[in-house]
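One structure below.
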Amino acid sequence: DTEVTQTPKHLVMGMTNKKSLKCEQHMGHRAMYWYKQKAKKPPELMFVYSYEKLSINESVPSRFSPECPNSSLLNLHLHALQPEDSALYLCASSAQIGGRRNEKLFFGSGTQLSVL
Amino acid sequence: DAKTTQPTSMDCAEGRAANLPCNHSTISGNEYVYWYRQIHSQGPQYIIHGLKNNETNEMASLIITEDRKSSTLILPHATLRDTAVYYCIGGATSGTYKYIFGTGTRLKVLA
């Protein structure tokens, strides 16, 4: 199984709602990532988890709250978002073997988020 | 962070080789160069990566210059299904897994 599964595929939420995005992989990978992608732009790194611990936060606003409950799961909790947060949210994973920098990222298909 | 620059767009005739350049002049000595592609509204797909030597796999070839400041992704016989945005990543910042995507090249394969 070389898949990263993201749910839901589409999400529409109001600015006062609380919602969560879910990402799952069963490849035994120990690094997991959240990227945000606006239309016609490259993916922008948001968070990196390494061995279930947050290792990188790219100065993301606190209305985005990541969580890694175990090595296979990654969540992104959303609260009080703004319309400009509408984007494709991509999850990725990589093996993270001994800190080497020779690693492929495996991406999910993303969640298309619309904030009204 | 290693930064990359790529042409915004390119066209290629079907059946011909597509050569996509990437400049990564700030890459450090032990950082790999990665290439991904993204077909509309899907997640990026890994293509190939390399450090110093040229690499080839079933999808593409990667040519890295001797000074490692630039590289070229080669799709030897482009098909219409290769129409996508191609991203070059100039490695992760030392000691981290901070993979930063470049601006990407929009490749259109023409029939």
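On a 28 Å Cα-Cα criterion, which of the cross-link pairs A:38/B:98; A:9/B:3; A:9/B:69; A:22/B:69; A:19/B:3 come out too long? From the list (A:38/B:98; A:9/B:3; A:9/B:69; A:22/B:69; A:19/B:3), the Cα-Cα distance tops 28 Å for A:9/B:3; A:9/B:69; A:22/B:69; A:19/B:3. Which values of log₁₀ I(q)/I(0), to two decimal places, follow from the Debye formula for the stretch B:1-110 at q = 0.11 Å⁻¹ with a uniform point scatterer at every Cα? Rounded to two decimals, the profile gives -0.31.
Farthest towards the positive end of the charge dipole of chain B, among the residues B:9, B:77, B:89, is the Cα of B:9, using unit charges on the Cβ of Lys, Arg, Asp and Glu.
Set Lys and Arg Cβ to +1 and Asp and Glu Cβ to -1, take the dipole of chain A about its Cα centre, and tell me which of A:91, A:113, A:71 lies farthest positive. So the residue we want is A:113. Here is the list for the stretch A:1-87: chymotrypsin sites (Phe, Trp or Tyr not before Pro) lying in DSSP coil, each with at most 11 other C-beta atoms within 10 angstrom of its C-beta, are A:51. Averaging the sequence gap over all C-alpha pairs within less than 8 Å and six or more residues apart, then dividing by the number of residues, gives chain A a relative contact order of 37 percent. The alpha carbon convex hull volume per residue for the protein assembly as shown rounds to 119 Å³.
A short reminder: the numbers here are calculations on the coordinates, not readings from a lab. None of the values given here were measured: they were computed from a predicted structure. Here the Cβ is made from the backbone with ideal geometry for all residues, glycine too, and neighbour counts use every protein chain on show.
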